[in-house]
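Structure first, then comments.
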Amino acid sequence: MRDQVSLQASSSRPSLFPDSIIALLLIAAAVLVTYGNTLKNGFVHDDTAEILQNQYVHDFSHISMILTSPAWGFKTDTPFQVQAGSNYYRPVQYLLYAALYKCFGKSAWGYHAFKIFLHLCVCNLLFWIARRFSLPTWSAFMGALLFAVHPANSEAVTWISGITDVSCALLFALCFLFYLNYLSSSKTIWVVLISSFFLIGLFAKETMATLVLVLIAYEWLVAGKFVWRTSNLRLYLPLAGTFFLYFTLRVKAIGGFTTQNQLRYTKVDFLQGLLNQLDLLSQYFETFFYPANLNAFHLFDPIAGFFDLRLLKAVLILGLVLVAAALTHKRLLQSVRPLIPFGLLWFVLTLLPVLIFFRRIGENVMAERYLYLPDMGLCLAMCLPIGQLKLEVKRVAITGCVALAALLSWMTIQRNRVWHDELVFYETTAKVSPKAALILNNLGQVYASKLRYADALNALRLSIAARPNWSAYKNLGPIYGALEQTDEAIAAYRHAIAIYPEDPEVHSGLGDLYFGLNRYPEAISAYQQALRIRRDYSRVWFNLGDALMIVKRYDEALRAYQEVLEVSPREAGRAYSGMANAYRALKLLDQAADAEKKSMVGQ
């Protein structure tokens, strides 16, 4: 009987009645009011590198590179011609950036407008999923409205680089709707659509893989079936084949399914891992139900053992969630009761890529943007009781829900301002995460770009105090240099080299400092170290050539200028000019005259 009732509920297709149209219009209004202020925001944090400096997205000629490279494996306009890459494979993100760059270029408002549009689409899909569960219109509306304005979703929607989470959620919701259609008709077209959008979703973000787990949870809890039934092979075999195709392309792009992550880890044993997974899950639940302490860079401090009070708090939060779910479950009609545990499982299962860790924990595993897709499950579960209330009580409940939505919308509007620009973002985030070395380092760079050297020094010193890192030391070097504190500048560069000797920019910066101090032999040595690491560094070849000319090592200077012709032909004019000076110093006047002519052509 449970199977029959549930299947009838999921197979019904609600028509676009006037009340549904009104609900969708109100959801659209809520999204526009809540996120309209993001149109004034700029490019923040990762946006600068991934969009403004990323040559792969500035035209459509690099599509093949986007499809075959890991995230952060792109060419930039900086002296580093190639980024280090990552253990992520998300070509949809960069394809969307390429399309948006074609339309809007470096105007951030267009990217934010597109993000608002995506968020509105996800909210509408959530509404229709709730309606497909045969929930009343106003019940479905409240669930979608809660999701539309919830402050925990602000990071995913407001931050341009959060496009991975929003696009993945959109494709996830589409696949789930296709799945509900497949249950009611068993037509092959729905299997094709589910598999196709599942593949695109995997290319958007790895979290899409949890769709299979959510479908299995629905089969078991709501439809009352077991996934290993023979009839289900028609759906799950294509999904398995689709995942295998994705797996193959991913391994080819990044050299393996995953790589050694560059972020700092804290090592834990098996038991500590389990305790911290409970703690992390409770933090995500807490952020949803009490979104008052939002932060763009949560530092996760691992629990060491059973006697940590944070473990008690985690158990209490998870216990309260389970008790509330059980009490609500008992008071619902039999036909919709399974949707409560299903909503909770949606939340937990889609968080598994974040929750599952073994012996190492990243310092930033708690991130609000990771909640965007899981929140859909909780919003579905929370909208269920409204449809079961008596008319008089329902009016009061709806009024209370609307008031709550208004409060949450106001909180989100305030939260959106954090991403207004890089200075606001880093200052705000550093206040709530004063031990986040990365954030403090980036704040120091922003201060330095605005010539606020005292503030920059303070931020970078705090970054080093939080965690000694080569990047902060590297950024200290030029600031000390600008303040003519040369000993401190040299010490900063040497600290950076000691931590990470394979950064050519550090050696180059140290060389520039020595050059300005007329310490040419030391400058030459530093430049040579930089070029040993990265040969196609034309600026350093020029500086090396100039330093060699000053110390009258003309043959070596000539070779340095000649190297520029190979690594950067577009700078041939300046290279030939340097060669002409070297030839003249060597009294090779014919070669000097020839190089001088070529320098004029090269210009």
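Every number here is computed from the coordinates shown, using simple stated rules; none is lab data. This structure is a prediction, so every number in the text was calculated from the model and none was measured. A quick note on method: Cβ atoms are made from the backbone with ideal geometry, for glycine too, and the neighbour counts reach across all protein chains shown.
Within 12 Å, Cβ to Cβ, of residue 522, how many net charges do the neighbouring residues add up to if Lys/Arg are +1 and Asp/Glu are -1?
Once all neighbours under 12 Å are counted, the net charge is +1.
If I take R0 = 35 Å and measure r between the Cβ atoms of residue 32 and residue 465 in this structure, what FRET efficiency does the formula 1/(1 + (r/R0)^6) give, to the nearest 0.05?
Once the sixth-power term is evaluated, E becomes 0.20.
Suppose each label sits 7 Å from its Cα in the direction of the beta carbon; what would the residue 406-residue 106 distance come out to in nanometres?
4.3 nm
By how many nm would the segment from residue 586 to residue 364 grow when fully extended, if each residue of separation counts as 0.36 nm and the alpha-carbon distance is taken off?
74.1 nm
Based on the Cβ-Cβ distance of residue 240 and residue 449, what FRET efficiency does E = 1/(1 + (r/R0)^6) give at R0 = 51 Å, to the nearest 0.05?
Rounded to the nearest 0.05, the efficiency is 0.55.
Residue separation times 0.36 nm, minus the C-alpha to C-alpha distance between residue 99 and residue 525: what's the value?
Gain in length upon complete extension: 148.9 nm.
Can you compute the charge dipole magnitude of the range 434-602 about its Cα centre, using +1 on each Lys and Arg Cβ and -1 on each Asp and Glu Cβ, nothing else charged? Give it in debye, rounded to the nearest 20.
For the range 434-602, the charge dipole is close to 240 debye.
For 191, 551, 157, what ranking results if the residue with the fewest other Cβ atoms within 10 Å of its Cβ goes first?
551, 191, 157
Rounded to the nearest 0.05, what FRET efficiency do residue 431 and residue 55 give with R0 = 41 Å and r taken as the Cβ-Cβ distance? Could you check?
FRET efficiency, residue 431 to residue 55: 0.75.
For the pair residue 48/residue 596, report the inter-label distance in nm, with labels modelled 7 Å from Cα in the Cβ direction.
4.4 nm
With everything on Cα atoms, drop me the angle between helix 211-221 and the longest principal axis of the chain, reported from 0 to 90° to the nearest 10.
For 211-221 against the chain, the angle is about 20 degrees.
Give me the angle, in degrees from 0 to 90, between the Cα long axis of helix 538-550 and the longest principal axis of the Cα atoms of the chain, rounded to the nearest 10.
20 degrees
What's the local net charge at residue 489, with K and R +1, D and E -1, over the other residues with C-beta under 15 Å away?
-2
Which links in 205/431; 474/598; 115/431 stretch past 32 Å when you go from one Cα to the other?
Exceeds cut-off: 474/598.
Any chance you could give the angle, 0 to 90 degrees and rounded to 10, that helix 339-355 forms with the longest Cα principal axis of the chain?
20 degrees
Which aspartates and glutamates does residue 40 reach when only Cα atoms under 17 Å apart count, and residues fewer than 8 places away in its own chain are ignored?
155, 421, 422
For the range 434-602, what relative contact order do you get, as a whole percent, if you take Cα pairs closer than 8 Å and at least 6 residues apart?
Reported relative contact order: 11 percent.
Want the number for residue 188 to residue 532: 0.36 nm per residue separation, take away the alpha-carbon distance, what's left?
Full extension of this stretch gives 118.0 nm more.
For the chain, build the charge dipole from Cβ charges (+1 Lys, Arg; -1 Asp, Glu) around the Cα centre, then report which of 196, 49, 573 sits farthest towards its positive end.
About the Cα centre, the residue reaching furthest to the positive side is 196.
Could you give each residue of the range 46-53 its phi-based ³J(HN,Hα) in whole Hz, using Karplus coefficients 6.51, -1.76, 1.60 with θ = phi - 60°, and x for Gly or Pro?
Once θ is set to phi - 60°, the couplings for the range 46-53 become 5, 4, 4, 6, 6, 10, 5, 9 Hz.
Which of 587, 474 comes first, and how do the rest follow, when ranked by fewest Cβ neighbours within 10 Å?
Final ranking by Cβ density, sparse to dense: 587, 474.
Have a look at 251, 541, 144 and report the one farthest towards the positive end of the charge dipole of the chain, computed about the Cα centre with Cβ charges (Lys/Arg +1, Asp/Glu -1).
144
Once the other residues with Cβ under 10 Å from the Cβ of residue 156 are scored (Lys, Arg +1; Asp, Glu -1), what is the net sum?
Taking every Cβ under 10 Å from that of residue 156, the sum is -2.
Rounded, prolate or oblate, given the Cα gyration tensor of the chain, with a/c below 1.5 counting as rounded?
Prolate shape, in that a/c is at least 1.5 and a/b is the bigger ratio.
How large is the charge dipole for the chain, taken about the Cα centre, if only the Cβ atoms of Lys, Arg (+1) and Asp, Glu (-1) carry charge, to the nearest 20 debye?
Once rounded to the nearest 20, the dipole reads 1540 debye.
Checking the a/c ratio against 1.5 first, then a/b against b/c, what shape does the Cα gyration tensor give for the range 434-602?
prolate
Amide H neighbours of residue 360 under 5 Å, at least 5 residues apart or on other chains, H built in the peptide plane: list them.
Residues meeting the amide H criterion: 268.
Can you give me the distance in nm between label points at residue 539 and residue 318, each placed 7 Å from the Cα along the Cα-to-Cβ direction?
For residue 539 paired with residue 318, the spin-label model returns 5.0 nm.
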